[in-house]
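A.B. asks: This is the structure I have questions about; it appears just below.
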């Protein structure tokens with residue numbers, strides 16, 4: 001069945017030429033010399049005032065990276081990236097490390113205002129206290145320009161700060177966990193990131209603490225010819241809970257800019273991490289000129305028993321997306337979840353999915369992925385579910401649907417399902433009618449059509465997580481939620 | 001990762017030497033063989049880094065290249081056929097191959113069933129027969145290394161032409177009988193003319209105790225409004241490394257049912273390449289695999305919907321006992337113009353014991369927007385509730401398991417409408433269940 005008009009209209013609203021965040025901000029920037037070398041890495045490390053071990057870590061990664069080859073297995077094609085034609089560090093010249101908002105360049109503040117990101121705590125507090133308060137870490141090119149609610153979070157024992165600051169203030173904690181989920185040698189882009197990462201967020205939630213507010217990071221690429229190499233590390237200690245949101249935008253340009261991030265999550269015993277992304281990097285124009293290359297390694301480690309990691313992503317931006325938020329289910333009874341909506345338009349190429357690696361006993365995982373391809377885009381779901389010999393009682397349910405609008409685009413599904421344990425039960429399905437027959441029956445009995453019922457169930461499911469995003473971030477997401485599932489092609 | 005130039009393995013070196021030695025003696029167009037071998041040799045045996053062979057690493061599974069079998073004497077062939085049991089009880093036109101060579105004496109050419117023509121391939125290659133132009137009907141199959149090896153080494157086989165509705169099944173019997181390990185490369189081409197129908201049986205068996213390396217290709221070109229029922233049975237010997245390919249090109253309103261039963265061989269890989277070339281064609285492609293010990297069985301399937309309004313159904317069932325490994329890789333390709341495609345692919349696996357493994361990779365590659373395509377994959381153990389139910393009614397555990405396994409595999413086999421053939425397949429399942437530890 002082809003897509004209905006309503007869906008077509010909704011996808012049109014977020015087509016590549018409708019990109020709203022494509023403006024540029026005029027700020028005087030300080031940059032590292034162009035290109036990549038040991039000197040540039042030393043420069044970045046020095047700018048961040050890092051200890052010697054961190055510099056050594058970076059240099060080791062760089063040496064390793066020089067011996068690696070760019071991966072070619074993903075279903076994306078792009079011109080060769082000249083890694084020496086990129087600025088690896090760009091920070092606002094006036095006071096790159098402001099102590100308070102008053103010291104931040106007003107142009108930058110205006111930028112965030114335009115993007116709708118609240119950076120002033122008092123503004124939020126002045127009016128009626130909103131139900132959901134959000135602490136924001138704003139990363140502008142290579143540096144964090146502001147982090148809100150730091151003090152209040154500190155009272156609860158939660159550490160929330162730019163990772164460059166954490167390396168200075170909590171070196172032991174960072175050293176213990178950094179690279180423990182995504183090893184330096186993991187893959188080409190992760191290794192590159194390890195060598196040159198500039199900023200990102202660091203979160204530590206102490207045992208038994210439920211983080212009192214949402215944490216979020218807003219990434220903005222602004223400067224020309226720069227790459228952004230974000231590094232985020234979130235640790236949820238025993239019995240704690242944290243919900244973290246990430247948003248990203250970039251100006252419209254004819255050039256392709258590289259974003260190679262690494263995100264590591266660690267959940268200890270009974271801890272829960274929710275990680276949500278609204279990815280809206282500039283996708284390039286209708287002819288495929290410009291746009292961000294988004295090569296991202298995101299991985300969560302359910303290290304403790306009964307731990308939970310949930311990835312939710314709404315992917316609408318980037319010229320190329322190469323992203324597989326994964327869960328290593330190491331602790332017994334741990335759970336991994338992945339909910340994704342990926343919409344590709346214009347000439348965008350998306351190759352995204354997840355990996356659920358079941359190592360512990362009675363580990364469960366769920367994958368719900370919805371890909372919508374329009375224009376001349378390519379949208380691929382690529383996922384791995386595996387149970388190792390000792391993963392007794394592992395359970396997975398996967399459902400991935402795709403929808404095509406027009407016959408110039410492509411939707412592909414490449415799931416790998418590997419079971420080495422007889423008691424592991426894996427189900428992979430692509431038919432929308434099989435979500436849960438009970439729920440379907442219930443809805444249909446109340447007069448909803450099968451399609452409406454399906455949409456209600458799946459969307460209700462995703463909405464559950466999406467609704468926790470602050471409105472400012474969720475504008476695009478909300479539009480997508482109502483897209484119905486009719487005409488799915490598995 | 002730095003570029004690694006892979007060393008040639010003993011098997012690769014052996015194959016290259018075998019080709020050097022054999023190329024002057026093999027019948028037919030030497031150039032196309034040389035080209036196929038060159039393409040193969042460029043990349044060597046596929047290994048786990050080659051996506052299509054990710055789970056069946058031939059580079060490590062094929063340690064040495066067995067020598068290609070010589071043509072058996074009439075007596076040897078007769079003895080081998082007398083010992084061959086697979087589907088032997090089904091009354092059919094017998095087209096036997098022993099050690100990769102067509103046994104001409106076993107076919108009475110003067111009294112073939114109406115609508116069947118048989119041309120020995122070795123002679124056809126040597127004389128440049130007209131039908132040879134129909135070989136390799138699916139262009140992209142030529143990129144496959146297993147297929148390339150067959151093209152390089154194919155020494156014999158047959159070409160069949162089916163010109164009308166044929167009642168009598170045609171039984172292609174592939175028998176390998178030799179005390180020491182041998183390799184074979186047999187090619188069969190079946191031309192099914194417009195409106196014709198036929199039941200094709202394939203049985204593949206070899207002697208135990210030797211690491212035989214059969215590599216068979218069966219190619220079917222089914223014309224418009226044809227009906228082809230294809231049943232294949234692999235009961236190869238316990239040490240065999242069996243590679244096989246079925247390539248089918250289907251015309252408008254063609255019907256295909258293919259059921260492949262796998263029980264034999266230490267390592268087997270069966271590839272099905274399907275191409276819809278005309279509208280409104282329908283294909284049902286099934287597999288029933290039962291393996292134990294340390295067996296490794298791979299079913300790989302690529303179906304291209306090259307025309308609109310076609311329907312494909314794939315149902316693959318795998319039962320894994322002991323420390324065996326099952327592989328299913330299926331891919332449905334729907335190009336831009338193939339609107340109204342209806343494709344459904346299902347792979348289900350049961351692991352009966354700790355230590356087994358199943359790898360599923362059901363892929364979709366879709367470029368048309370008005371299609372219905374779905375795939376499903378499951379993997380788990382036998383339902384405990386069902387087992388309990390049966391055992392509560394007095395069945396010992398093993399019998400209860402057997403009953404459930406029979407029902408599970410039976411779903412894939414029940415599409416066979418020829419009763420004696422279906423019974424033979426069911427008997428093979430029962431035999432397997434009886435002999436499991």
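A.B. asks: Show that you can apply the helix-only estimate: for chain B, add -39,500 (n - 2.57) for every DSSP H stretch of four or more residues, divide by all residues, and state [θ] at 222 nm to the nearest 500.
C.D. replies: Theoretical 222 nm ellipticity from helices: -7000 deg cm²/dmol.
A.B. asks: Let a ≥ b ≥ c be the square roots of the eigenvalues of the Cα gyration tensor of the stretch A:194-291; is it rounded (a/c under 1.5), or, if not, prolate (a/b larger than b/c) or oblate?
C.D. replies: prolate
A.B. asks: Based on the alpha-carbon gyration tensor of the stretch B:241-373 and its eigenvalue square roots a ≥ b ≥ c, which shape applies: rounded if a/c is under 1.5, prolate if not and a/b is larger than b/c, or oblate?
C.D. replies: Taking the square roots of the gyration eigenvalues as a ≥ b ≥ c, the stretch B:241-373 is prolate.
A.B. asks: If you average the alpha carbon positions of the stretch A:350-386 and of the stretch A:193-250, how far apart do those two centres end up, in angstrom?
C.D. replies: 22
A.B. asks: Turning to a different aspect of this structure: Quick one: if you take sqrt(5λ) for each eigenvalue of the C-alpha gyration tensor of the protein assembly as shown, what semi-axes come out, biggest first, whole angstrom?
C.D. replies: They are 56, 29, 26 Å, listed largest first.
A.B. asks: Shifting gears a bit: How are the C-alpha pair distances of the stretch A:15-90 spread across 10 Å bins, as whole percents from the shortest bin up?
C.D. replies: 14, 32, 31, 20, 2
A.B. asks: Among bridges DSSP assigns within chain B, what percent are antiparallel (round to 5)?
C.D. replies: Just about 5 percent of them are antiparallel.
A.B. asks: Roughly speaking, what is the centre-to-centre gap between the stretch B:47-84 and the stretch B:133-181 when only Cα atoms are used, to the nearest Å?
C.D. replies: Each part's Cα centre sits 14 Å from the other's.
A.B. asks: So what is the relative contact order for the stretch B:284-437, in percent, with contacts set as C-alpha pairs under 8 Å and at least six apart?
C.D. replies: Relative contact order for the stretch B:284-437 comes out at 22 percent.
A.B. asks: Counting pairs of alpha carbon atoms under 8 Å apart in space and at least six apart in sequence, what relative contact order in percent does chain B give?
C.D. replies: Here the relative contact order equals 10 percent.
A.B. asks: Using only the Cα atoms of the stretch B:74-126, build the gyration tensor, take square roots of its eigenvalues as a ≥ b ≥ c, and label the shape rounded, prolate or oblate: rounded if a/c is under 1.5, else prolate if a/b is larger than b/c, else oblate.
C.D. replies: oblate
A.B. asks: Determine, for A:62, A:218, A:442, the number of other Cβ atoms within 10 Å of each Cβ, and report the residues in order from fewest to most.
C.D. replies: Lowest to highest Cβ neighbour count: A:442, A:62, A:218.
A.B. asks: Nearest 5 is fine: what % of DSSP beta bridges in the protein assembly as shown come out antiparallel, could you say?
C.D. replies: 10
A.B. asks: Also, I was wondering about something else. Can you tell me the convex hull volume per residue for the stretch A:180-239, based on C-alpha atoms, in Å³ to the nearest whole number?
C.D. replies: 92
A.B. asks: Per the Debye formula with a single identical scatterer at each Cα and no solvent contribution, what log10 I(q)/I(0) holds for the stretch A:256-366 at q = 0.21 Å⁻¹?
C.D. replies: The computed values of log10 I(q)/I(0) come out as -0.96.
A.B. asks: Right, another one. Which of B:131, A:281, A:73 has the fewest other C-beta atoms within 10 Å, and how do the rest follow up to the most?
C.D. replies: Exposure proxy ranking, most exposed first: A:73, B:131, A:281.
A.B. asks: Where the convex hull is taken over the Cα atoms of the stretch A:340-396, what is its projected area averaged over directions, in nm²?
C.D. replies: Hull-based average projected area comes out at 3.6 nm².
A.B. asks: Remind me, relative contact order of the stretch A:266-417 in percent, using alpha carbon pairs under 8 angstrom and six or more residues apart?
C.D. replies: Over the stretch A:266-417, the number comes to 19 percent.
A.B. asks: For A:416, A:78, what ranking results if the residue with the fewest other Cβ atoms within 10 Å of its Cβ goes first?
C.D. replies: Listed from fewest to most nearby Cβ atoms, that is A:78, A:416.
Laboratory data are not the source of any read-out in this text; all were calculated from the coordinates shown. Computed from a predicted model, the values in this text were never measured in an experiment. A quick note on method: Cβ atoms are made from the backbone with ideal geometry, for glycine too, and the neighbour counts reach across all protein chains shown.
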